[in-house]
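Structure, as structure tokens:
The values are calculated or read from the model by the stated rules, or taken from the named source; none is laboratory data. Fair warning: this is a prediction, and the values are worked out from it, not measured in the lab. Quick reminder, even Gly has a Cβ in these numbers, built from the backbone with ideal geometry, and neighbours come from all protein chains shown.
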Amino acid sequence: MSNIYYINSYNRTEGTNSNFTYYLPHIPSNVNKVVMLSASIPKSYYLIEDGLNTFTLIEDEDEIIITIPPGNYNRRSFSVVLQNLLNDASALDIVYTISYANTNQSEDDGKYTFTVSDNNDVQPIFQFSTNDDAHEAMGFNAESSNQFVNDELKSTNVIRLFIEDTIFIHSNICQNENDNILQEIYTGGNLTFSSILFENKCPEYYAKNMSYNTSKVFKFYLTDENDLEIDLQGQNFVCTLKVYRENNMYQLVKDFIQYFISKKERL
């Protein structure tokens, strides 16, 4: 007993292309497993996402929220945009400069160095909260406060300027404890604005226990590894699902073979 469904987020019942509900008709009543067979997801999401693109600049008693425009950046373009934002926002007319290693002259540590001038001994602070996502791109820790010392501040970590390389597809069609993860997909080899193609080589091992839903309307949504929703920026994704009844006899045969092999190894 099995059915295969072709899901296109464009044909959703409601929601967005990356967080939506979908109607799946004619599900057999006795199926107990669901597995994703394949998927095509546009790598259209951004490095800097709207709503996850701020940090606080503190200059003496002034606290200024810096908002970075959503989009993708490389090391140079991000430093230029960030430097201009800091200089435009400075309440004390402090001059900010961002530099990084010249790989033609020295080793590359992958970090930014922030310097200030015309600051009258004021040592600014970059402060990040749990609602920010700009800290990784700038090379700092979440929920951290980072103060200049002697007019200079260096990134704590290597800056992260590659867009999310892990996607989790969640759905209430499966019964995973707490997270409802239907399938994880690793995207490190895919170029920005290309298509992420997934094909399940071992469906049996990735199958999940299926939930029971009398309405036949199921929710699907995409997140990164921090459970933050991924925005496909208006592009739709498609996938193929299979629902089926697990063959108990097949499982018994597998268990027997495994038992037989382990027993033989102990002899």
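Lys201 fulfils the conditions (1) of a type in the set (D, E, K, R); (2) buried (at least 17 other Cβ atoms within 10 Å of the Cβ); (3) more than 25 Å from Thr13 (Cβ to Cβ) except for a single criterion, (2). Mind checking whether some residue in the stretch 71-88 is within 27 Å of Leu232 (Cβ to Cβ) and part of a strand (DSSP E or B)? Yes, the stretch 71-88 has at least one match. Is there a residue in the stretch 107-124 that is touching a residue at least 60 places away in the same chain (Cβ under 8 Å), assigned to a loop (DSSP other than H, G, I, E, B) and under 31 Å from the mean Cα position of the chain (by Cα)? There is at least one residue in the stretch 107-124 that is touching a residue at least 60 places away in the same chain (Cβ under 8 Å), assigned to a loop (DSSP other than H, G, I, E, B) and under 31 Å from the mean Cα position of the chain (by Cα). Scanning the stretch 6-18 for residues that are outside any loop (DSSP other than H, G, I, E, B) and surrounded by fewer than 19 Cβ atoms within 10 Å (Cβ to Cβ) turns up Tyr6, Asn8, Tyr10, Asn11, Glu14, Gly15, Thr16.
Looking at Phe193, Phe114, Phe198 in this structure, which one is over 30 Å from Val243 (Cα atoms) and assigned by TED's automatic domain parsing to the domain that holds Leu241?
On the way: Phe114 fails: assigned by TED's automatic domain parsing to the domain that holds Leu241; Phe198 fails: over 30 Å from Val243 (Cα atoms).
It is Phe193.
Results for (1) touching a helix residue (DSSP H, G or I) at 6+ places or on another chain (Cβ under 6 Å); (2) surrounded by 17 or more Cβ atoms within 10 Å (Cβ to Cβ), shown as yes or no for each residue.
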site: Pro28; (1), (2): no, no
site: Val35; (1), (2): yes, yes
site: Ser40; (1), (2): no, no
site: Tyr45; (1), (2): no, yes
site: Glu63; (1), (2): no, no
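Being within 16 Å of the chain's Cα centre (by Cα), surrounded by 11 or more Cβ atoms within 10 Å (Cβ to Cβ), modelled with pLDDT of 85 or more and more than 30 Å from Val122 (Cβ to Cβ) is a property that holds for Thr187.
If you take the residues in the stretch 129-154 that are touching a Gly at 6+ places or on another chain (Cβ under 9 Å) and among the charged types (D, E, K, R), which one is surrounded by the most Cβ atoms within 10 Å (Cβ to Cβ)? Before you say what the answer is, go through the steps one by one.
Initial filter on the stretch 129-154 (touching a Gly at 6+ places or on another chain (Cβ under 9 Å)): 131, 133, 139, 154.
From what's left, among the charged types (D, E, K, R): 133, 154.
Working: Asp133: 21, Lys154: 15.
Among residues in the stretch 129-154 that are touching a Gly at 6+ places or on another chain (Cβ under 9 Å) and among the charged types (D, E, K, R), the one surrounded by the most Cβ atoms within 10 Å (Cβ to Cβ) is Asp133.
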